[in-house]
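The values are calculated or read from the model by the stated rules, or taken from the named source; none is laboratory data. What you are looking at is a predicted structure, and each value in this text was computed from that prediction instead of being measured. As a convention, Cβ positions derive from the backbone with ideal geometry for all residues, glycine included, and neighbour counts pool all protein chains shown. What goes into the accessible areas is simple: the full protein's heavy atoms, side chains included, and nothing from ligands, DNA or RNA. Shrake-Rupley method; radii C 1.70, N 1.55, O 1.52, S 1.80 Å.
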Amino acid sequence: MNLTLFIWRQKNSKDKGGMVKYEARNVSPEMSFLEMLDVLNEELEAKGEDPIAFDHDCREGICGSCSMVINGKAHGGQEGTTTCQLHMRKFKEGDK
């Protein structure tokens, strides 16, 4: 599936920052949200761009350090699910 991501980017605390649009292509429904970001980061790094920074630790749904706001909701809004356990099958082709 293909998705459009709008991600807050800010170089440092003095930088104004802003939303940057990214296209995530050929995303497997079986990936977690964090795995999708890993793949996107590999593409960004291959183009010489800065990767998207995000916190994570266990990637097993235990620690909660992967908390993100996705579509205006913490962890994407799926009850009892951390971002690392949020699978891309919960999204639809073309979602933003």
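General remarks:
- On inspection, Cys66 does not qualify as outside any loop (DSSP other than H, G, I, E, B), modelled with pLDDT under 90 and buried (at least 16 other Cβ atoms within 10 Å of the Cβ).
- Residue satisfying condition, being more than 10 Å from the chain's Cα centre (by Cα), open to solvent by 50 Å² or more (accessible area, probe 1.4 Å) and within 20 Å of Glu93 (Cα to Cα), within set Lys16, Lys47, Lys73, Lys11: Lys73
- Test: residue in segment 79-89 that is open to solvent by 30 Å² or more (accessible area, probe 1.4 Å) and modelled with pLDDT of 90 or more: yes
- Looking across segment 50-61, just one residue is without any contact (Cβ under 8 Å) to a residue 12 or more places away in the chain and open to solvent by less than 80 Å² (accessible area, probe 1.4 Å), and that is Pro51.
- Residue pairs meeting the criteria (Cβ under 8 Å; at least 6 apart or on separate chains; first assigned to a helix (DSSP H, G or I) and modelled with pLDDT under 95, in segment 20-39; second open to solvent by less than 60 Å² (accessible area, probe 1.4 Å) and among the hydroxyl-bearing types (Ser, Thr, Tyr)): Phe33/Thr83; Leu34/Thr83
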